Amino acid sequence: MRLRTLPVSLAGVTAAWGVSMMNPGGYDAEVIVACYLFALLCQISSNFANEYYDFKKGLDRPGREGPRRGVTEGDITPGAMRDATFGTLAVACLIGLWIASQGGWWLIGAGVLIALGVLAYSTGPYPLSHHGMGEIAVIFFFGIIPVNLTAYVATGVFSTEALLVSLSIGLMGANVLIVNNYRDVEDDRAVGKHTLAVIAGRRVVATIYMMNGIISQAVLIPIWQSLSSGWIVSALYLLIHVALYSMLTTRRGASLTPVLGMTAVTMMVFALMFVTLWLIS
């Protein structure tokens, strides 16, 4: 499941919950709970698919720098991982159908796009994670899409606030993947996996990591102008972000795995603080 990364999907829905609180007409809490389940299951399915398809293509090697890969190391059979991938995705799709029944059947189209994205990250004619497109995919599938659609199905309206928050969350999520690929750059280069870190190099993606964190807060300035205490949340996030950047640029190999987890947790903590701001305002 890659538990360290799961706060990424939860943060998007949590941030959308905060956006929903801005709606004068209120929001549907039951739908938000369903969106939590849908987002979590989609990410787990994507993680399973990544392990299964990277194994099938010979892109994971025993003894790699990152967390142990169960299929590659022989802990899990390929067939079991394939079944887990599609079984988890099927449950997510059932939940998605219920969400569509509440928010509008046109959402089925969005659900199909999300389901394809779960698989397209690791497989298909142009696997996104193998061609330097992983970070862009994260911005869309863990930021723009979940925040905007969750806020929509919970409130019935799209908003500028949701769009700004979705960009912020998407950039934070991309940073989680940057740490992952920064850590694995030698392993990925050796097997011909062209992540952004392999293509651009560690120095460039470290700079992108720093800039993503700064921009993620800059886009929220219009929101903080109406909620002055929000500046405190941004300041706290940036302090932690700078500390994590320092750790990113001074560590190598497996010692970067905690940085990945802390980047994901910081994203989730930010989303929770965002919700708290609206609860107490």
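For Thr250, the accessible surface of its heavy atoms amounts to roughly 110 Å² (probe 1.4 Å, protein chains only, rounded to the nearest 10).
Shown are Glu186, Glu73, whose ranking by accessible area with a 1.4 Å probe and every protein chain present, most to least, is Glu186, Glu73.
For percent of Cα pairs over 30 Å apart, computed directly from the structure shown, the correct entry in [x] 23; [y] 28; [z] 39 is [y].
Could you grab the relative contact order for the stretch 58-195? Cα pairs under 8 Å, six or more apart, rounded to a whole percent. Mind showing how you got there, number by number?
Working: 119 pairs, mean separation 38.4, N = 138.
Computed value for the stretch 58-195: 28 percent relative contact order.
Taken over the stretch 1-136, the percentage of Cα pairs per 10 Å bin, counting from 0 up to the bin with the maximum distance, is 11, 38, 32, 14, 4, 0. Using helices alone, what [θ] at 222 nm do you get for the chain, with -39,500 (n - 2.57) per DSSP H run of 4 or more residues, divided over all residues and rounded to the nearest 500? Rounded to the nearest 500, the figure is -23500 deg cm²/dmol. Is the C-alpha gyration tensor of the stretch 108-242 telling us rounded, prolate or oblate? Criteria: a/c under 1.5 is rounded; beyond that, a/b larger than b/c is prolate, otherwise oblate. Oblate, because a/c is 1.5 or more while a/b does not exceed b/c. Per residue, the chain exposes 43 Å² of accessible surface when a 1.4 Å probe is rolled over the protein heavy atoms with every protein chain present.
With every protein chain left in place, what is the accessible area of Arg2 in Å² (1.4 Å probe, nearest 10)? Number for this one is 60 Å².
A probe of 1.4 angstrom, applied to the heavy atoms of all protein chains, finds Cys42 with accessible area near 10 square angstrom. Take every pair of alpha-carbon atoms less than 8 Å apart whose residues are at least six positions apart; their mean separation over the length of the stretch 217-281 yields a relative contact order of 38 percent. Take every pair of alpha-carbon atoms less than 8 Å apart whose residues are at least six positions apart; their mean separation over the length of the chain yields a relative contact order of 28 percent.
For Val198, Val13, give me the order by solvent-accessible area with a 1.4 Å probe, most accessible first, ignoring ligands, DNA and RNA.
Output order, biggest surface exposure first: Val198, Val13.
The values are calculated or read from the model by the stated rules, or taken from the named source; none is laboratory data. As the structure is a prediction and not an experimental result, all values here were calculated from the model. Quick note on the areas: whole protein, heavy atoms, side chains included, nothing else; ligands and nucleic acids left out. Shrake-Rupley method; radii C 1.70, N 1.55, O 1.52, S 1.80 Å.
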